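Engineer: The following block contains the structure, expressed as structure tokens.
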Amino acid sequence: MREDLLYYIWRNNKLQSKQLLTTDNEILEIKDSGMLNQFSGPDFFNAKVCIDGQLWAGNVEMHIKSSDWYAHHHETDSNYHNVILHVVWDDDIAVFRKDGSKIPTLELKKYVPSQLLDRYRSLLDNSKSNFINCEHNFAEIDTFLVNNWLDRLYFERLEQKSSLINNLLHKTNNDWEGVLFILLMKNFGTKVNGDLFLERASKLDFSIIRKTSSNPEQLESLLFGHLGLLQHTNNTDAYYLRLKKEYRYLAHKYELSPVLEKPNFFGLRPINFPTIRLSQLTNLYAQQQNLFAVIMELNELQDIYAIFQSTASVYWETHFTFGKISKKSKKRLSKNFIDLLIINTIVPLKFCYAKYLGKDCNDDLYELISKVKSEQNTIIKGFQNLGSKTKSALESQSKIQLYTEYCSKNKCLQCALGVNLLNRNT
């Protein structure tokens, strides 16, 4: 038994008897189940119940066992003094308020249909062996319901991504150009080095980027040095030495913080090496002034692709690392990589900026992300094995949100699909 099932039963009135009694055999009528509390305090606010003809308005607290009231020290917490009803699965002890009055208790196990419990157990019994709990029933769920839920999950995912953006805006005093740079650094770092790139970019005042962006080699030296890529003592490569000398000057001039960790090259394809990605980002800023303002004006996918047609500098046409010559090739940002930038940086930033301006751009973002190619990963392959094809980034992001925030956490009762399956014939 889990408390989320108790919440579900209470909110959706899944009690099989219309004649409810408290554990003291008082007649109980539920007038209003109240509003679920997502924060600290009682589980449901502003509920209304009638106990032996007396109408009560207040809060409802839920536990698996009544004794959890004392295990959680609610008896000493003033937030729980106005609880009008204690809803539990198993009533193992009487519970009293601070003033000594007994709190009426409803024991749910007497009133819950066995069929509902069987369906719930069948979902959770699959949690260790299956990709998702409902995979055997996934194909049975109405397509309209699935699509509607996935659309909601996409914007839920955008809201989650907004948290990082809002934190960065606070730290940069609402410097949107600076926040764009930090987010791009994170994404150019890929999954392997993204967190390190984010941390280092957050310690680099964007005004320095503005001052150096007109000189690509100077900006490249700044980014390479700030990410710890210019610390070799025995490298005799002429380009390396030039960048290192320039960074020494910039680090002193701008009092840059020392590097404590270096980027990881292990396991990366050469095109994703930090050296290549930082050089591509350097030339993006060298080519585009006021990049944030430019991006905010673009709503067509092809226009965004055109803006991000950036290559690594000439030196990197014949190198992936310093001093080691490779076959000559243009190191241009691929369409797939730009798609990831659109998914993880551009669309979330557009979403936040529209909210900042008090505008609603959800329809435009929906249309834009629907045109971006789907990501390919184990989660998307898992849904594909269930017969659910993923055609766009809108769908892939929604399914990633579904899996990571609901399926993998066994939050079936907070998922529209899980609730649909549980409601059948109950």
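Engineer: Count, please, the residues in the range 80-139 that happen to be within 24 Å of Lys411 (Cβ to Cβ), in a loop (DSSP other than H, G, I, E, B) and in contact with a Lys or Arg (Cβ under 8 Å, 6 or more places away or on another chain).
Structural biologist: Residues that pass the stated criteria total 2.
Engineer: Quick one: which of Leu219, Leu196, Leu229 is over 30 Å from the mean Cα position of the chain (by Cα) and part of a helix (DSSP H, G or I)? Steps first, answer last, please.
Structural biologist: On the way: Leu196 fails: over 30 Å from the mean Cα position of the chain (by Cα); Leu229 fails: part of a helix (DSSP H, G or I).
It is Leu219.
Engineer: Same structure, new question: Can Leu349 be described as within 30 Å of Phe273 (Cβ to Cβ), surrounded by 13 or more Cβ atoms within 10 Å (Cβ to Cβ), under 17 Å from the mean Cα position of the chain (by Cα) and not β-branched (Val, Ile, Thr)?
Structural biologist: On the way: within 30 Å of Phe273 (Cβ to Cβ): yes; surrounded by 13 or more Cβ atoms within 10 Å (Cβ to Cβ): yes; under 17 Å from the mean Cα position of the chain (by Cα): yes; not β-branched (Val, Ile, Thr): yes.
So Leu349 fits the description; yes.
Engineer: Filter the range 21-37 for residues that are more than 13 Å from Val60 (Cβ to Cβ) and either surrounded by 18 or more Cβ atoms within 10 Å (Cβ to Cβ) or among the polar types (S, T, N, Q) (or both) and give the result.
Structural biologist: Initially, the range 21-37 is screened for residues more than 13 Å from Val60 (Cβ to Cβ), giving 21, 23-27, 29.
If the condition is that a residue be more than 13 Å from Val60 (Cβ to Cβ) and either surrounded by 18 or more Cβ atoms within 10 Å (Cβ to Cβ) or among the polar types (S, T, N, Q) (or both), then Thr23, Asn25 are the ones that fit.
Engineer: To continue, here is another question. Filter the range 22-38 for residues that are in contact with a Ser or Thr (Cβ under 8 Å, 6 or more places away or on another chain) and among the hydroxyl-bearing types (Ser, Thr, Tyr); which is farthest from Ala94 (Cα to Cα)?
Structural biologist: Thr22
Engineer: Helices (runs of 4 or more DSSP H) wholly in the range 374-426 with at least 2 residues that are polar (S, T, N, Q) and closer than 20 Å to Ser122 by Cβ - which ones? Show your work before the answer.
Structural biologist: Working: elements: 378-385, 393-402, 416-423.
The helices (runs of 4 or more DSSP H) meeting that bar are 416-423.
Engineer: Just a yes or no: is a residue in the range 236-257 without any contact (Cβ under 8 Å) to a residue 12 or more places away in the chain, of a type in the set (Val, Ile, Thr) and surrounded by fewer than 13 Cβ atoms within 10 Å (Cβ to Cβ)?
Structural biologist: no
Engineer: Which pairs do you get when a residue that is without any contact (Cβ under 8 Å) to a residue 60 or more places away in the chain, found in the range 392-412, comes within reach of a residue that is in a helix (DSSP H, G or I), reach meaning Cβ atoms under 6 angstrom, with the pair 6+ apart or on two chains?
Structural biologist: Here the result reads Ser392/Ser370; Ala393/Ile343; Ala393/Ile369; Ser396/Ile380, each pair linking the range 392-412 to a residue that is in a helix (DSSP H, G or I).
Engineer: Output the residue which, of all residues in the range 71-95 that are within 34 Å of the chain's Cα centre (by Cα) and of a type in the set (Gly, Ala, Ser), is surrounded by the fewest Cβ atoms within 10 Å (Cβ to Cβ).
Structural biologist: Out of the qualifying residues, it is Ser78.
Engineer: Given the conditions (1) surrounded by fewer than 16 Cβ atoms within 10 Å (Cβ to Cβ); (2) touching a Gly at 6+ places or on another chain (Cβ under 8 Å); (3) not small (Gly, Ala, Ser), report the number of the one that Phe44 does not fulfil.
Structural biologist: So Phe44 meets the others, but not (1).
Every read-out reported here was derived from the displayed coordinates using simple, explicitly stated rules and does not represent laboratory data. Since the model is a prediction, treat every value here as computed from it, not as a measurement. As a convention, Cβ positions derive from the backbone with ideal geometry for all residues, glycine included, and neighbour counts pool all protein chains shown.
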